[in-house]
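Visitor: This is the structure I want to talk about, given as structure tokens.
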Amino acid sequence: MIAVAPIMAALTMAQSVHGNCLESSAHSVAHEPLTERLRRHVAVLAGDIGERNVFRPAALRAAADYIRAEWANQGHEVASQWYEVQGVTTANLAIELRGKSKPGEIVLIGAHYDSVHGSPGANDNASGVAALLEINRDFSRFAPERTVRFVAFVNEEPPFFTSKQMGSMVYAKAARDRGDDIRLMVSLEMLGFYSDRPGSQSYPPFLRFFYPDRANFVAIVSNLRSRKPLRQMVHAFRDHSDFPVESLAAFESVPGLGWSDQFSFWRQGYPAVMVTDTAFYRYPYYHTALDTPDKVCYAPMTRVVEGLRNAIAAMTR
């Protein structure tokens, strides 16, 4: 369960400094098709479908059906890992591209598709799912040497977070039981909000002395055991994108560091990182009814997704 006090303190700070979306001067006509697809994914998941969790099972099924349909339209066979939560049948969804020379080594990219009770979840986490759906688009053109899995997780939000019913916890345990050799798990968690306003970025205690005060970057973070692949991921992102990126490898007790699906893979001993806009440390609408598609900053998000696609491709070699 996520602690409430640190969230409320950071959220209060973020609300007091909220500004407009970051203007993306590097955004070009060539980016427009991707931008529009990202916008459509978020609009369907957080607009047409809206709040989606086991308390709204029809909406949760509709979100799963949308993801299945998107992957099927791209020519993928979608695997479903079914399990029951509070009388509702739910599923993690996955597709796989088998590696050419190292098929036993796996790079896994994941994002949760449920939203917290009371929120349509545009940034949390329709933005992450939209990124997932677009990173995997035509990924086979990179001819990955390692096997790449793309997984949409269910039941990440409270009251299931860190419990045995959390979708990524179910998936990671099954992967460990199978003996899957997951070399890196990348969790896509809230990728849609960026601002150039001074003071728009807050941090856990003391970190503010070492990082920018503007929310104009994407963050890649990990626990200490995952610091080597974290460094590799950051370098790969910088090699393929000029979008600002900050990183942190730290103790799991740092508020927010483990608050997504990477936590489940850490518990099973797998290396994992989270890519995020830093969530409640900058986003005023975190876990509220105002987390709607119009709050997402699609132009800078497009640049982040393009950088991630190429960085992840580099990690699969």
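Visitor: For segment 4-315, what is the percent of antiparallel DSSP beta bridges, rounded to the nearest 5?
Guide: Numbers: 16 of 41 bridges.
Bridges in segment 4-315 that DSSP calls antiparallel: roughly 40 percent.
Visitor: How much net charge surrounds PRO293 when only the other residues with a Cβ under 11 Å from the Cβ of PRO293 are counted, with Lys and Arg +1 and Asp and Glu -1?
Guide: Values: positive: ARG39, ARG40, LYS295; negative: ASP48, ASP291, ASP294.
Its environment carries a net charge of 0.
Visitor: Separate question: Using only Cα atoms, locate the centre of segment 136-204 and the centre of segment 261-280, then give the distance between them in Å, rounded to an integer.
Guide: The two parts, judged by their Cα centres, are 7 Å apart.
Visitor: Points 7 angstrom from Cα along the Cβ direction at ARG39 and GLU23: gap in nanometres?
Guide: 1.8 nm
Visitor: Now for a separate question. Pop out the ³J(HN,Hα) list for segment 203-212 in order, Karplus 6.51 cos²θ - 1.76 cosθ + 1.60 with θ = phi - 60°, rounded to Hz; leave Gly and Pro as x.
Guide: Couplings: 8, x, x, 6, 5, 4, 6, 10, 10, x Hz.
Visitor: Quick one: work out Rg over Rh on the C-alpha atoms of segment 187-317, Rh as Kirkwood radius.
Guide: Values: Rg = 14.2 Å, Rh = 15.1 Å.
So for segment 187-317, dividing Rg by the Kirkwood Rh gives 0.94.
Visitor: Can I ask one more? Near ARG61, within a Cβ-to-Cβ distance under 14 Å, what is the net charge of the other residues, with Lys and Arg +1 and Asp and Glu -1? List each step's numbers first, then the result.
Guide: Details: positive: ARG52, ARG56, ARG68; negative: ASP48, GLU51, ASP65, GLU84, ASP114.
Once positives and negatives cancel, what remains is -2.
Visitor: Quick one: grab the alpha carbon gyration tensor of the chain, order the square roots of its eigenvalues as a ≥ b ≥ c, and give me rounded if a/c is under 1.5, else prolate or oblate depending on whether a/b is larger than b/c. Write out the running numbers ahead of the final one.
Guide: Working: a/c = 1.25, a/b = 1.15, b/c = 1.09.
Rounded shape, in that the Cα axes give a/c under 1.5.
Visitor: Quick one: work out Rg over Rh on the C-alpha atoms of segment 245-301, Rh as Kirkwood radius.
Guide: Working: Rg = 13.5 Å, Rh = 13.3 Å.
A ratio of 1.02.
Visitor: Provide the gained length on full extension for the span GLU252 to ALA79, in nm with one decimal, where the gain is 0.36 nm per separating residue minus the Cα-Cα distance. Mind dumping the intermediate values first?
Guide: Working: separation 173, 0.36 × 173 = 62.28 nm, distance 3.10 nm.
59.2 nm is the gain from fully extending GLU252 to ALA79.
Visitor: Arrange the peptides 73-84, 164-175 so that the one whose residues have, on average, the most other Cβ atoms within 10 Å appears first.
Guide: Values: 73-84: 12.7, 164-175: 21.9.
Descending mean neighbour count gives 164-175, 73-84.
Visitor: Take ARG238 and GLN86, extend 7 Å from each Cα along the Cα→Cβ direction, and tell me the distance between the two endpoints in nm.
Guide: It is 4.4 nm.
Visitor: Excluding ASN223 itself, what net charge comes from residues whose Cβ is under 11 Å from its Cβ, given Lys and Arg +1 and Asp and Glu -1?
Guide: Details: positive: ARG225, ARG227, ARG267; negative: GLU252.
Summing Lys and Arg as +1 and Asp and Glu as -1 gives +2.
Visitor: Something else now. Return the distance in nm (one decimal) between the two label points of a simple spin-label model at LYS164 and ALA30, each offset 7 Å from Cα along Cα→Cβ.
Guide: Roughly 5.1 nm, to one decimal.
Visitor: Give me the number: length gained by fully extending GLU145 to PHE210, i.e. 0.36 nm times residue separation minus the C-alpha to C-alpha distance, one decimal in nm. Each step should come with its number before you reach the end.
Guide: Working: separation 65, 0.36 × 65 = 23.40 nm, distance 3.67 nm.
Going from the current span to full extension adds 19.7 nm.
Visitor: By how many nm would the segment from ARG317 to ARG176 lengthen if fully extended, with 0.36 nm per residue of separation less the alpha-carbon distance?
Guide: Numbers: separation 141, 0.36 × 141 = 50.76 nm, distance 2.26 nm.
Length gained between ARG317 and ARG176: 48.5 nm.
Visitor: Among 185-191, 91-97, 195-201, what's the highest-first ranking by average C-beta atoms within 10 angstrom per residue? Walk me through the intermediate numbers first.
Guide: Numbers: 185-191: 27.9, 91-97: 20.6, 195-201: 18.9.
Output ranking for 185-191, 91-97, 195-201: 185-191, 91-97, 195-201.
Visitor: For a quick check: with amide H placed at 1.01 Å from N, whose amide H comes under 5 Å from HIS112's, ignoring anything fewer than 5 positions away on the same chain?
Guide: Those qualifying (amide H under 5 Å, at least 5 residues apart or on another chain) are PHE153.
Visitor: Quick one: 3J(HN,Hα) in Hz for segment 224-236, Karplus 6.51/-1.76/1.60 with θ = phi - 60°, rounded, Gly and Pro as x.
Guide: Listing the rounded values in order: 5, 5, 9, 5, 5, x, 4, 4, 5, 5, 5, 4, 5 Hz.
Every read-out reported here was derived from the displayed coordinates using simple, explicitly stated rules and does not represent laboratory data. Owing to the predicted nature of the structure, the values given are computational and were not obtained by experimental measurement. Note that each Cβ is placed from the backbone with ideal geometry, even for glycine, and that neighbours are counted across all protein chains shown.
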